[in-house]
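*Asks:* Starting off with a structure, shown below.
The values are calculated or read from the model by the stated rules, or taken from the named source; none is laboratory data. Every value quoted in this text rests on a predicted model; they were computed, and no experiment measured them. Methodologically, a virtual Cβ is constructed for each residue, glycine included, from the backbone with ideal geometry; neighbour enumeration extends over all protein chains shown. Just so you know, the surface numbers come from the protein's heavy atoms only, side chains and all, with ligands and any DNA or RNA stripped out. Shrake-Rupley method; radii C 1.70, N 1.55, O 1.52, S 1.80 Å.
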Number of protein chains: 2
Amino acid sequence: MLSDLPLALGIDFGGTSVKLGVCQGAYLIEKAEPIPTKEFNGANALIPEIEKSINLLRKKHPSIAAVGAGLPGFVNWETGHVHALTNVEGWEGVNLKSILSKSTGLPCVVENDANAMTYAEWRYGAGRGRDYLLAMTLGTGVGGGLILGGELYRGATYGAGEIGQISIDYKGRLGGHGNMGALERYVGNGPVTELAVEKYQAAGQPLSAEDCTPLKVAERAHASDATAIDVWKEVGKRLAVGLANVLWVMNLDCVVIGGGMAKAGELFLGPLLKHLKTQMDESFTDGLKLVPAQFGNEAGIIGAAALALDEGQKG
Amino acid sequence: MLSDLPLALGIDFGGTSVKLGVCQGAYLIEKAEPIPTKEFNGANALIPEIEKSINLLRKKHPSIAAVGAGLPGFVNWETGHVHALTNVEGWEGVNLKSILSKSTGLPCVVENDANAMTYAEWRYGAGRGRDYLLAMTLGTGVGGGLILGGELYRGATYGAGEIGQISIDYKGRLGGHGNMGALERYVGNGPVTELAVEKYQAAGQPLSAEDCTPLKVAERAHASDATAIDVWKEVGKRLAVGLANVLWVMNLDCVVIGGGMAKAGELFLGPLLKHLKTQMDESFTDGLKLVPAQFGNEAGIIGAAALALDEGQKG
């Protein structure tokens, strides 16, 4: 039945490059050449490049029915305005939805990139069939998005889902917004590497930070390295506190974990779930699905494309 | 136009008594004699007493159009089942909605009591006109409820809103569910009294716990007592961390604070808002309304009655 699904074009704005792809449901069937973000100064220079790439993809796939873009920052999906992109200059107040709608003649949507990723995991990925879902990405930073009652939840000013900023220690490490104890300072790539370096030092097997990236620690954990296993236990414990904070308030039925750390798999998710259960009532954890993300770097494109098809017609 | 509003009957189940009242919008126009919960063992004994009281109120106000009940614990508002009441025995799996619908012949709803209070503040109280709202009660325990997108948010298993259980210190004070650093251990009545006793001790003016109830500390703060003012600053700081955790994830536009502590007014809410602003981006706090609750002990009755009118017809 795959061939029955319409095609949509997804755009993922990154600080390094803008990636475009043609999607059919869960499948990214063709990618365009990435556009290096920094080589095109501001929206006026970058948008025409994106439009060129869209046109090329549409020539190959004339049945593309909608266009969706995921962007880092505050995005007003209703009006289509983009309010400042994180790490990208010259994007203040651009109405990308209106620009792309005009140049393509297709239904277009714009959305925050973490929301697009979340939508992909809910619609076609690891969170299918669950209607109260948090999808989070553990990387250099820690971000997330929410599906509540089967709909993307954006919040009052389109800023919802910033799980990396919540505090797990009100006298703890300073986050990037004046917030003490910010979760991403405990479970982001940097802090995990730091923790691993410490633990290997303490175990009498000193390792460099380079050898302690989350990916390498995950590999060693899978090879039964006790210190690496211990690192993931501790990271699971820290993340459990942050997740419990969200679950007590939101009472979700699914948490999807993406980013490099998901590679540690059960060695990470096992302790995470165990610690969640020690600090919450059963009614909050019994039916909870805690799973690694299905889509990797392509989640943003797939989610933006899916949103364009599902919601583009409404606007 | 008040006389145009239909009448509804609200029921507030407490561990001490069951309170019933006839409401017209924001107004509780008549209260029944409270029913002492512990004198009637379990649902089979208590429900007939409640039905008697309902009948008496309906005789006086024949135009009562719906009945709503707010109960502490997990309440499945869709099926009408009550799953275990906090501090009340013999209520496992009772379908109170179905029982009251049959005996009254009126549309009935059952709801968690914190949700009923939240609904009252949103529909007729301090949160009118805001669609992304947290209402919380600071008392012996700390609880809350959410309105998201203009609707009561209940979560996957009807347990949402437990803000008192979120952690603000992952190595901190133990909460009631194995949760370290539970917010209610920092801003509940007991911890506030403890903090006040400490601060008066340190200031060379030792006071007993009895003289340091939140209400008394609020009164002294209003009388410009420096130590009391300092207590509220510290409580505001602690609560700010817990609230910020909710706001980063939910991106709300209104927080309503109820319970005895709201009596400290600006001396409490001022520092609370100030500390929120030091640890969050403007986009999360600029449009935020932070206000004391409008309704006191009657919020549960008013909210349950309002829900019964607004949602009772649907079921």
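*Asks:* Filter region B:279-295 down to residues that are without any contact (Cβ under 8 Å) to a residue 24 or more places away in the chain and open to solvent by 60 Å² or more (accessible area, probe 1.4 Å) and give me whichever is farthest from the other protein chains (Cβ to nearest Cβ).
*Replies:* Top of the filtered list is B:282.
*Asks:* Another question, if that's okay. What's the total number of residues in region B:110-135 that are open to solvent by less than 10 Å² (accessible area, probe 1.4 Å) and of a type in the set (S, T, N, Q)?
*Replies:* Total satisfying the criteria: 2.
*Asks:* Of all residues in region B:139-148, how many are part of a loop (DSSP other than H, G, I, E, B) and at the interface with chain A (Cβ under 8 Å from one of its Cβ atoms)?
*Replies:* Of the residues in region B:139-148, 0 are part of a loop (DSSP other than H, G, I, E, B) and at the interface with chain A (Cβ under 8 Å from one of its Cβ atoms).
*Asks:* Then there is this: Considering only residues that are more than 11 Å from every other protein chain (Cβ to nearest Cβ) and at positive phi, look in region B:210-265 and name the one that is least open to solvent (accessible area, probe 1.4 Å).
*Replies:* Among them, the one singled out is B:265.
Residue-wise test of (1) in a helix (DSSP H, G or I); (2) open to solvent by 40 Å² or more (accessible area, probe 1.4 Å); (3) out of contact with any Ser or Thr (no Cβ under 9 Å at 6 or more places or on another chain).
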site: A:137; (1), (2), (3): no, yes, yes
site: A:158; (1), (2), (3): no, yes, no
site: A:161; (1), (2), (3): no, no, no
site: A:194; (1), (2), (3): yes, yes, yes
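*Asks:* Report the residue count in region A:159-177 for those that are more than 7 Å from every other protein chain (Cβ to nearest Cβ) and in contact (Cβ under 8 Å) with a residue 40 or more places away in the chain.
*Replies:* 0
*Asks:* Also, quick follow-up: What single numbered condition from (1) hydrophobic (A, V, I, L, M, F, W, C); (2) in contact (Cβ under 8 Å) with a residue 12 or more places away in the chain; (3) in a helix (DSSP H, G or I) fails to hold for residue A:257?
*Replies:* Condition not satisfied by residue A:257: (3).
*Asks:* May I pose another question? Looking only at region A:163-202, which residues are aliphatic (A, V, I, L, M) and under 29 Å from residue B:285 (Cα atoms)?
*Replies:* Of everything in region A:163-202, those that are aliphatic (A, V, I, L, M) and under 29 Å from residue B:285 (Cα atoms) turn out to be A:163, A:166, A:168, A:174, A:180, A:182, A:183, A:187.
*Asks:* Has region A:296-305 got any residue that is within 10 Å of chain B (Cβ to nearest Cβ) and crowded, with 24+ Cβ neighbours inside 10 Å?
*Replies:* No - not one qualifying residue is present in region A:296-305.
*Asks:* Taking residue A:266, is it of a type in the set (Asp, Glu) and closer than 30 Å to residue A:8 by Cβ?
*Replies:* Spelling it out, it is not the case that residue A:266 is of a type in the set (Asp, Glu) and closer than 30 Å to residue A:8 by Cβ.
*Asks:* Would you mind stating whether residue A:84 is open to solvent by less than 10 Å² (accessible area, probe 1.4 Å) and more than 24 Å from residue A:215 (Cα to Cα)? Let's see the steps before the verdict.
*Replies:* Numbers: open to solvent by less than 10 Å² (accessible area, probe 1.4 Å): no; more than 24 Å from residue A:215 (Cα to Cα): yes.
So residue A:84 fails the test.
*Asks:* Could you tell me whether residue B:273 is surrounded by 24 or more Cβ atoms within 10 Å (Cβ to Cβ), at pLDDT 95 or above and not in a loop (DSSP other than H, G, I, E, B)? Reasoning before the result, please.
*Replies:* Details: surrounded by 24 or more Cβ atoms within 10 Å (Cβ to Cβ): no; at pLDDT 95 or above: yes; not in a loop (DSSP other than H, G, I, E, B): yes.
When the stated conditions are applied, residue B:273 does not pass them.
*Asks:* Within region B:173-190, can one find any residue that is part of a loop (DSSP other than H, G, I, E, B), surrounded by fewer than 21 Cβ atoms within 10 Å (Cβ to Cβ) and of a type in the set (S, T, N, Q)?
*Replies:* No, region B:173-190 contains no residue that is part of a loop (DSSP other than H, G, I, E, B), surrounded by fewer than 21 Cβ atoms within 10 Å (Cβ to Cβ) and of a type in the set (S, T, N, Q).
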